[in-house]
Amino acid sequence: MSTHNNLSSGKRGTSVRSDCYFEIELTAKGGINIESKSKVEALYGKQNREFILKLCANAKIKNANILFEDSGALPFVIAARFDAAVSEGFQNHNIFQTTQSEDFSSTTSKNRLRRSRLYLPGNEPKFFLNAGLHKPDGIILDLEDSVSPQEKEQARFLVKNALRSVNFYGCERMVRINQLPMGIKDLQFVIPENVHVILLPKCESDEQVKLVGDEIFEIKKLHRLSNPIYIMPIIESAKGVENAYKIASASPYVCALTIGLEDYTADIGTARTQTGTESFYARSVVINAAKSAGIQAIDSVFSDVADMNALTQSVLEAKSLGFEGKGCIHPRQIEPIHAAFAPTQDEIQKASKIVVAFDEAQKRGSSVISIGSKMIDPPVVKRALRVIELALLNNLIDENWRENYENAVK
Amino acid sequence: MKMLLNKAGRSVPTHVNGQLEMPYAGVGAYIPQKNKAKPKVTTAASYPADGNKILPSLKDALIKAGIKDGVTISTHHHLRNGDLLTNYMFDIVHELGIKGVRWFPSASFPCHSHLIKYLEDGTIHHIEGSMNGPLGEFTSYGKMSGMGVLRSHGGRYQSVQDGEVHIDIAVIAAPTADPFGNANGLTGKAACGGLGFALADSEYADNVIVVTDNLVPFPCVPWQIQGNNVDSVVVIESLGDSSKIVSGTTEITKSPDRLLIAELVAKFIESAGILKDGFSFQAGAGGTALAFAMFLKERMKALNIKASFIRGGSTKYLVEMLEEGLTGYILDGQTFDLHGVRSMGVNPNHIMTSPFTSYNYHGKGNFASIIDAVVLGATEVDVNFNANVVSHSDGLLLHGIGGWQNCLFAKCSILAIPTFRDRIPVIVDEVTTLCAPGEMIDVIVTERGIAINPLRQDLLDAVKDKGLPIRDIRDIQKETDEICGGKPTKPTLDKEHVVAVVKWVDGTLLDSVYKVVK
């Protein structure tokens with residue numbers, strides 16, 4: 001039942017774009033009165049009024065005075081702001097189900113490429129719409145550090161609707177939940193919306209991973225969902241580093257281990273430097289823990305968006321240590337990251353040789369792979385296959401690389 | 001008001017402000033059969049023998065120029081949003097009690113919202129030029145006494161040369177001038193680079209007043225405006241707010257989506273084979289255009305390609321390309337930042353051009369069609385590639401045509417546009433106002449893909465299988481409409497009330513702009 005009569009949510013002001021603001025006063029009689037101030041009034045005013053009436057009906061609101069300030073919000077944003085406002089007054093009201101985008105049915109796999117992951121502040125819808133066009137391997141709708149405490153609740157509605165309605169063009173769909181225990185509530189909003197990976201911040205123990213895994217399992221059961229949802233714990237403290245292996249192997253759904261260096265360096269009482277000597281140990285531990293658990297190791301975020309050369313150097317260093325991906329906060333960082341993680345010509349040459357030898361051995365039905373007199377171990381084949389996959393993804397070789405390779409050898 | 005349908009299928013009035021007009025007849029279809037307008041003969045006996053044409057005040061100069069009700073006064077827009085002179089001049093016109101002035105600027109800016117009160121009280125009858133920002137809104141709501149006329153930069157010259165617009169008094173803001181009337185925009189507090197937009201005014205107006213805040217002794221060289229054409233010179237305290245005339249440095253956009261569009265434009269130009277030694281291109285000072293130039297520059301360096309010339313709007317980025325030897329020349333129409341102003345002053349290969357010589361469709365020197373590729377913007381494009389650059393989908397007039405129509409004659413015209421702005425789709429079923437027929441637009445580059453005009457099979461073939469996101473324009477439109485939550489409602493326009501007309505480059509009427517009903 002209603003606890004407050006004046007409810008509000010969203011963003012207002014002249015600098016706001018692609019967002020809206022609601023003030024809802026629940027009344028006893030008089031029906032629904034909408035006062036609309038919209039930047040797109042002439043073109044979408046009518047649709048917006050009709051939509052708000054639909055949202056009211058869905059929330060079973062019959063009498064209310066509604067102030068709607070709109071700076072060009074899309075329907076999924078309008079619905080999120082409305083429902084967030086109403087949820088202040090009603091517990092467990094009917095949340096409006098926005099239109100599903102084509103992307104909603106996309107799937108992921110445990111070992112997919114995770115070279116780049118683009119962080120998007122969870123309460124800023126204007127950044128969502130075109131994020132996928134920049135082709136990061138994954139987009140992260142962030143509910144944690146980029147959302148202020150007073151916006152946490154409304155960001156959940158927004159992220160939920162974004163997962164349903166925004167086309168991320170096949171990027172892996174990730175959400176960084178809040179630190180536990182607050183993050184548990186986040187899961188209820190995002191798990192039913194085909195999220196692929198949950199990033200668990202400030203993770204310090206395998207229990208935390210299990211707790212999240214159990215909650216995911218329960219929500220999936222409730223909603224009869226069968227899609228796999230992976231967990232990427234973020235190690236951000238000395239304690240987390242100490243427990244890295246336990247965390248990495250806490251659940252078969254842990255797909256990667258990553259590290260957050262701002263918090264980590266603060267925790268050990270130092271500051272981040274360009275050379276990264278202070279975090280060399282921690283990063284090595286994270287890589288080693290991940291690899292021993294058979295999952296991916298992913299590096300921290302590179303936060304200087306202006307310096308692309310430094311970014312490339314940083315990725316080359318990360319790659320040499322064993323990391324397979326890097327976080328980014330600006331779309332322009334994506335291409336340099338992919339380029340730096342791409343295999344070199346020399347690596348591709350060697351890998352081609354190995355994969356061709358492997359194919360030939362399979363054709364012969366032999367389990368022994370050799371190049372000349374040299375025997376090739378299975379893990380070397382596995383790595384070579386990965387190099388070829390990366391080379392294909394980076395357009396360094398084409399689909400017919402085998403023919404080209406063989407012609408070159410001849 | 002009598003209306004008829006033109007060749008583009010748009011309804012246009014037969015008369016504009018009492019003057020008979022030609023309806024648009026197709027690209028290149030209207031061939032005028034007449035002589036150019038003739039300025040009146042003057043005599044040296046009318047001017048001081050010592051060459052000192054200075055008058056004590058602008059008021060004196062206007063009175064001496066014979067200002068009266070209903071005159072046409074022209075101004076240029078090289079001072080952009082920092083222009084104080086035009087507002088000051090109309091304060092005097094108002095003080096003199098003059099009514100019914102036709103204001104003929106080469107463009108207007110938000111700073112000119114000062115003039116709304118003079119449009120309201122009848123000092124100014126109507127504007128022929130551009131109606132930007134607040135003036136556009138004022139016009140759109142049907143508040144201007146006369147009908148606005150929108151022309152391209154080249155079209156403005158064409159109208160003067162062809163005698164469609166007779167300028168009684170030209171008031172030319174000159175950042176530097178001598179007492180004889182020689183003037184340029186290269187130095188002084190209000191330095192703005194070239195003064196090309198005032199050239200026709202100086203040659204064709206009955207009376208030419210040069211106004212400066214930086215008087216130098218005769219001769220002021222180079223004389224972008226020649227004393228030969230000038231009647232009087234007035235010195236005032238300040239022409240304008242220099243911080244709004246040119247920016248120190250024009251900045252490239254930081255918007256990731258605009259950068260993505262700019263990068264796609266550069267990739268398209270490379271894939272289509274346009275990027276080759278000796279090519280030429282034009283890019284303006286908009287964020288996306290600047291970013292395009294930056295991406296193109298990287299590729300030119302990587303491929304060791306040099307342009308024969310770049311058409312500006314010059315900026316720091318074009319100046320750098322000139323100085324690094326990536327282009328032989330900058331042919332500059334207007335200078336957007338201090339780097340451009342400096343370069344034009346010192347580099348003989350940074351050439352001032354006037355739309356008179358480069359954009360006038362009824363001239364012999366229209367070189368817009370020589371340029372290999374041009375990158376422009378638009379407010380709307382329809383599925384047949386017809387484009388709008390003056391009004392928004394809500395019907396409000398908010399921009400001028402600028403050189404846009406003229407540039408479209410380049411060998412490859414590219415519109416770099418987002419698929420939507422503030423939820424409003426840019427690709428529409430039918431443009432609100434037609435500013436160019438679809439046959440003039442070759443390529444649309446958006447963040448969601450590239451659409452090529454089916455008329456350009458050569459371009460379609462050239463970029464086939466090059467890994468570019470080439471899509472049908474309707475396909476991009478469909479996706480955008482879905483994102484925006486359906487097609488927008490049509491704005492309510494009063495089709496009985498034409499508030500302005502859009503002219504094509506040949507002076508014919510291409511479309512009407514209607515009153516917006518609130």
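Here are a few things to note about the model shown:
- Tabulated pairs, region A:158-180, first among the β-branched types (Val, Ile, Thr), second in a helix (DSSP H, G or I), C-beta under 6 angstrom, 6+ apart or interchain: A:Val175/A:Val190; A:Ile177/A:Gly183; A:Ile177/A:Asp186
- Residue check, B:Thr480 within 14 Å of chain A (Cβ to nearest Cβ) and at pLDDT 95 or above: yes
- Residues considered: A:Glu88, A:Glu69. Of these, the only one that is surrounded by 17 or more Cβ atoms within 10 Å (Cβ to Cβ), within 16 Å of A:Ser9 (Cβ to Cβ) and within 14 Å of chain B (Cβ to nearest Cβ) is A:Glu69.
- Filter result (assigned to a loop (DSSP other than H, G, I, E, B), in contact with a Leu (Cβ under 9 Å, 6 or more places away or on another chain) and crowded, with 16+ Cβ neighbours inside 10 Å) within region B:86-117: B:Ile98, B:Ser108, B:Phe109
- Hey, A:Arg114 crowded, with 20+ Cβ neighbours inside 10 Å and either of a type in the set (Lys, Arg) or under 30 Å from A:Cys255 (Cα atoms) (or both) or not: yes
- Selection from region B:144-199 of residues that are in a loop (DSSP other than H, G, I, E, B) and among the basic types (Lys, Arg): B:Arg151, B:Lys189
- A:Tyr245 being surrounded by fewer than 20 Cβ atoms within 10 Å (Cβ to Cβ), touching a Pro at 6+ places or on another chain (Cβ under 8 Å) and either among the small types (Gly, Ala, Ser) or touching a residue at least 40 places away in the same chain (Cβ under 8 Å) (or both): no
- Scanning region A:253-303 for residues that are outside any helix (DSSP H, G or I), farther than 15 Å from A:Leu199 by Cβ and either of a type in the set (A, V, I, L, M, F, W, C) or touching a residue at least 60 places away in the same chain (Cβ under 8 Å) (or both) gives A:Ile268, A:Ala271, A:Ala293, A:Phe302.
- Unique residue being more than 14 Å from every other protein chain (Cβ to nearest Cβ), of a type in the set (Val, Ile, Thr), free of Cβ contacts under 8 Å to residues at least 60 places away in the same chain and buried (at least 20 other Cβ atoms within 10 Å of the Cβ) when the list is A:Ile52, A:Ile34, A:Ile61, A:Ile78: A:Ile61
- Here region B:236-284 is the region considered, the condition is being in contact with a strand residue (DSSP E or B) (Cβ under 7 Å, 6 or more places away or on another chain) and within 30 Å of B:Lys59 (Cβ to Cβ), and the residue that is surrounded by the fewest Cβ atoms within 10 Å (Cβ to Cβ) is B:Ile236.
- Residue that is farthest from B:Ile261 (Cα to Cα), among those in region A:110-157 that are touching a strand residue (DSSP E or B) at 6+ places or on another chain (Cβ under 9 Å) and of a type in the set (Gly, Ala, Ser): A:Ala155
- Whichever residue in region A:37-47 is at the interface with chain B (Cβ under 9 Å from one of its Cβ atoms) and not hydrophobic (A, V, I, L, M, F, W, C) and, among such residues, is surrounded by the fewest Cβ atoms within 10 Å (Cβ to Cβ): A:Lys46
- At least 3 residues being more than 23 Å from the chain's Cα centre (by Cα) is the threshold, and among the strands (runs of 3 or more DSSP E) wholly inside region A:304-410 those reaching it are A:369-371, A:374-376.
- Of all residues in region A:108-132, those that are in contact with a His (Cβ under 8 Å, 6 or more places away or on another chain), of a type in the set (Ser, Thr, Tyr) and not in a loop (DSSP other than H, G, I, E, B) total 1.
- The sole residue among B:Arg311, B:Arg299, B:Arg342 that is touching an Asp or Glu at 6+ places or on another chain (Cβ under 6 Å) and away from chain A (no Cβ under 14 Å) is B:Arg299.
- Of residues in region B:256-283 being hydrophobic (A, V, I, L, M, F, W, C) and assigned to a loop (DSSP other than H, G, I, E, B), the one farthest from the other protein chains (Cβ to nearest Cβ): B:Phe279
- When region A:165-181 is filtered for residues that are within 14 Å of another protein chain (Cβ to nearest Cβ) and part of a loop (DSSP other than H, G, I, E, B), the ones remaining, listed by number, are A:Val166, A:Asn167, A:Phe168, A:Tyr169, A:Gly170.
- Within region A:1-31, the residues that satisfy the criterion of being within 14 Å of another protein chain (Cβ to nearest Cβ) and of a type in the set (A, V, I, L, M, F, W, C) are A:Val16, A:Cys20.
- Note on region A:91-143: residues that are in contact (Cβ under 8 Å) with a residue 12 or more places away in the chain, within 14 Å of chain B (Cβ to nearest Cβ) and hydrophobic (A, V, I, L, M, F, W, C) amount to 9.
- Flag: B:Asp83 matches the condition of being modelled with pLDDT of 95 or more, within 21 Å of the chain's Cα centre (by Cα) and over 30 Å from B:Phe409 (Cα atoms).
- Tallying residues that are surrounded by 23 or more Cβ atoms within 10 Å (Cβ to Cβ) and either within 28 Å of A:Asp398 (Cβ to Cβ) or of a type in the set (D, E, K, R) (or both) within region B:419-441 yields 1.
- One residue stands out among those in region B:326-349 that are β-branched (Val, Ile, Thr) and in contact with a Ser or Thr (Cβ under 6 Å, 6 or more places away or on another chain): the one that is modelled with the highest pLDDT, which is B:Ile330.
- Test: residue in region B:239-255 that is over 28 Å from B:Tyr359 (Cβ atoms), more than 14 Å from chain A (Cβ to nearest Cβ) and at pLDDT 95 or above: no
- Residues of region B:484-507 satisfying the condition of being at negative phi and crowded, with 21+ Cβ neighbours inside 10 Å: B:Cys484, B:Pro488, B:Val498, B:Val499, B:Ala500, B:Val501, B:Val502, B:Lys503, B:Trp504, B:Val505, B:Asp506
- You will find that of B:Ile269, B:Ile330, B:Ile261, B:Ile310, the residue that is assigned by TED's automatic domain parsing to the domain that holds B:Ile417 and in contact with a Pro (Cβ under 9 Å, 6 or more places away or on another chain) is B:Ile261 and no other.
- Qualifying positions in region A:182-205 - under 23 Å from A:Asn243 (Cα atoms) and either in a helix (DSSP H, G or I) or touching a Phe, Trp or Tyr at 6+ places or on another chain (Cβ under 8 Å) (or both): A:Met182, A:Gly183, A:Ile184, A:Val197, A:Ile198
- Considering the conditions (1) part of a loop (DSSP other than H, G, I, E, B); (2) free of Cβ contacts under 8 Å to residues at least 60 places away in the same chain; (3) of a type outside the set (A, V, I, L, M); (4) under 25 Å from B:Ala205 (Cβ atoms), B:Lys7 is excluded by exactly one of them, (4).
- Taken over region A:309-327, the criterion of being under 21 Å from A:Phe128 (Cα atoms) and either modelled with pLDDT under 95 or basic (Lys, Arg) (or both) is satisfied by A:Lys326 alone.
The values are calculated or read from the model by the stated rules, or taken from the named source; none is laboratory data. In this text the structure is predicted, and so the values were computed from the model without any measurement. Cβ atoms come from the backbone with ideal geometry, glycine included; neighbour counts cover every protein chain shown.
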